[in-house]
Amino acid sequence: MIPFNKSAVVGRELDYIGQAVANGKTSGDGPFTQKCQRYFEERYGFTKCLLTTSCTDALEMAAMLADLRPGDEVIMPSFTFVSTAQAFVRQGAKVIFVDSGRNHPNMQAEQIEPLITARTKVIVPVHYGGVACDMRRIMALASRYRLLVVEDAAQAIDAYYSGELADPEYPWQGRLHRQDACYPLGGIAHLACFSFHATKNIQCGEGGMLVINAPRLVQRAEVIWNLGTNRAAHARGEVTKYEWVDVGSSFQPSEITAAFLWGQLEKLELVQSLRTYIWQRYADDLATLAAQGRCTLPTMPLHAAHNAHSFYLVCNGADERNQLIAFLLKRGVTAAFHYQSLQDSPFYSRTPAACDLLNCRRFADCLVRLPLFYGFGAGQVTDIIAAVRAFYDAVSIPAVYEAAAPEWVF
Ligand SMILES: *Cc1c(COP(=O)(O)O)cnc(C)c1O
């Protein structure tokens, strides 16, 4: 059976856990935490990084830093993980959902401006599958309407935005380390949140990171990260005793977690090259099915250099998608779907919504993700591709998505 995901040891993770224990310092903010944070600051040029116990936690810190008042509005895609919305709902904000694009699950940046009101405070672009949102347009809107932008970069480690960005409003963008003239995701907005959950490219079981790019937010972020105290300033000798100065919580992962993460980060290039190879095999070998109109493969906007986080097909119907998953399972391949549109969720649907988000619903109904993880055997990609082809050979008439709006004729 080929699982959908498998977390693997890729380097010296277990040695480093041993070292953390031998150091006698297993609580948070020790040498491994600092090594990991510095890695991101140096490799990508992020202003300040703080490891957290999850991306959910990092999003909650971001929502706290946004200083929201009840009734303030936060704009984000409906096609995302529940944590993206929940972090802001917990701070009393009202979430306003944007539809996905017709060809990509990312939120359609053109739809954001009409949703901005006097209560709007934050925009949260989610880089789905490590594919960059239209950051130039989003950051320009933020500067025009004085909004905070939080990148949900949970899936976007080592992924890039390839457009031009020189907005003098955001001086930190000029300090980012560009690769082939592309800007690293997570470094563009005021704040960004990464995940190191077991299902992500680089993982430590449960883990995350808040990136603070806007210098004015750094000090408060440190306080929130330190249970609402000025412990960090005290450690630097800036204050004589450390005290409770703000609201915060316990957001730091233990050194055991950070040690595992450091072992993974040392092998980032290796993990990325393997994932990219698998992703490209899927894309090349399934291209003929897509050309025949049997399914759709991921389309990449010109402004995105992705990180091979996920490979998916979009089926022509919900039934067909479910049949494909069942067929693959019988052949020993575990495929998975997600997300359900948050606007249609039991929790949110108590809130009156402005309109149906049809593109999002289509991705929720028709998208299926194929296995993609470090440690694939050589023949496994071939087997999975053969199983997908066998399914389409057995289904003779292309299905049509039942609830398709006219613009979805594809
Ligand atoms: C995985 C994920 C999260 C949550 O990450 P955790 O580290 O599990 O809290 C949030 N948003 C998106 C888009 C994700 O993919």
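The values are calculated or read from the model by the stated rules, or taken from the named source; none is laboratory data. Keep in mind that what you see is a predicted model, and the values were worked out from it rather than measured. Cβ: placed from backbone, ideal geometry, glycine included. Neighbour counts: every protein chain shown. Remember, those area values only see protein heavy atoms, side chains included, never the ligands or the DNA or RNA. Shrake-Rupley method; radii C 1.70, N 1.55, O 1.52, S 1.80 Å.
Taking the chain as a Gaussian network, Cα atoms linked when under 10 Å apart, which of V247, V150, V98 shows the biggest mean-square fluctuation?
The residue that fluctuates most here is V247.
What 222 nm value per residue comes from the helices of the chain, counting each DSSP H run with n ≥ 4 as -39,500 (n - 2.57) and dividing by all residues, nearest 500 deg cm²/dmol?
Value at 222 nm, helices only, nearest 500: -10500 deg cm²/dmol.
Roughly speaking, to the nearest percent, how much of segment 13-265's 1.4 Å accessible area is carbon and sulfur?
50 percent
Could you work out the Kirkwood radius for segment 143-237, taking every pair of different alpha carbons, averaging 1/r and inverting it, reported in Å?
After inverting the mean inverse Cα-Cα distance, the result is 14.8 Å.
Can you pull the accessible area of D72 for me, 1.4 Å probe, Å² to the nearest 10?
In the full protein context, D72 sits at about 0 Å².
Can you spot the aspartates and glutamates whose alpha carbon is less than 12 Å from K25's alpha carbon? Ignore those fewer than 8 places along the same chain.
The qualifying aspartates and glutamates are E255.
For the Cα atoms of the chain, what angle does the longest principal axis make with the long axis of helix 31-44, in degrees from 0 to 90, nearest 10?
60 degrees
What FRET efficiency comes out for the pair S7/S349, r = Cβ-Cβ distance, R0 = 22 Å, nearest 0.05?
0.05
Any idea how far apart T26 and D284 come out in nm if each label point goes 7 Å out from Cα toward Cβ?
Here the answer is 4.7 nm between the modelled labels.
Sequence neighbours fewer than 8 away in the same chain don't count; with that in mind, list the lysines whose C-alpha is under 22 Å from K200.
K200 reaches K6, K35, K48, K267.
May I ask you to give the percent of accessible area on segment 268-408 that is carbon plus sulfur, with a probe radius of 1.4 Å?
Summing carbon and sulfur atoms, their accessible area is 59 percent of the total for segment 268-408.
Angle, helix 268-285 long axis vs. longest principal axis of the chain, Cα atoms, 0 to 90°, nearest 10?
It is inclined by approximately 20 degrees.
Helix 318-330: angle to the longest alpha-carbon principal axis of the chain, degrees 0 to 90, nearest 10?
So the helix axis and the longest Cα principal axis differ by about 90 degrees.
Per residue, how much space in cubic angstrom lies within the convex hull of the C-alpha atoms of segment 251-389?
Dividing the Cα hull volume of segment 251-389 by its residues yields 188 Å³.
Kindly provide log₁₀ I(q)/I(0) values, in the same order as q = 0.15, 0.16 Å⁻¹, from the Debye equation applied to equal alpha-carbon scatterers of segment 13-265.
Log10 of I(q)/I(0), two decimals: -1.04, -1.18.
Under the Karplus relation 6.51 cos²θ - 1.76 cosθ + 1.60, θ = phi - 60°, what is the ordered set of whole-Hz ³J(HN,Hα) values for segment 97-106, x standing for Gly and Pro?
Per residue, the Karplus-derived 3J(HN,Hα) values read 8, 10, 6, 6, x, 5, 9, 8, x, 4 Hz.
Picking from T229, T351, T240, which is most flexible by a Gaussian network model of the chain using Cα springs under 10 Å?
T240
Using a 1.4 Å probe and counting only protein heavy atoms, arrange F347, F97 so the residue with the most accessible area comes first.
Ranked list, largest accessible area first: F347, F97.
Provide the net charge surrounding V150, with neighbours chosen by a C-beta distance below 12 Å and charges set as Lys +1, Arg +1, Asp -1, Glu -1.
Local charge sum for V150: -2.
So what is the accessible area of the chain per residue, in Å², with the probe set to 1.4 Å?
It amounts to 42 Å² per residue over the chain.
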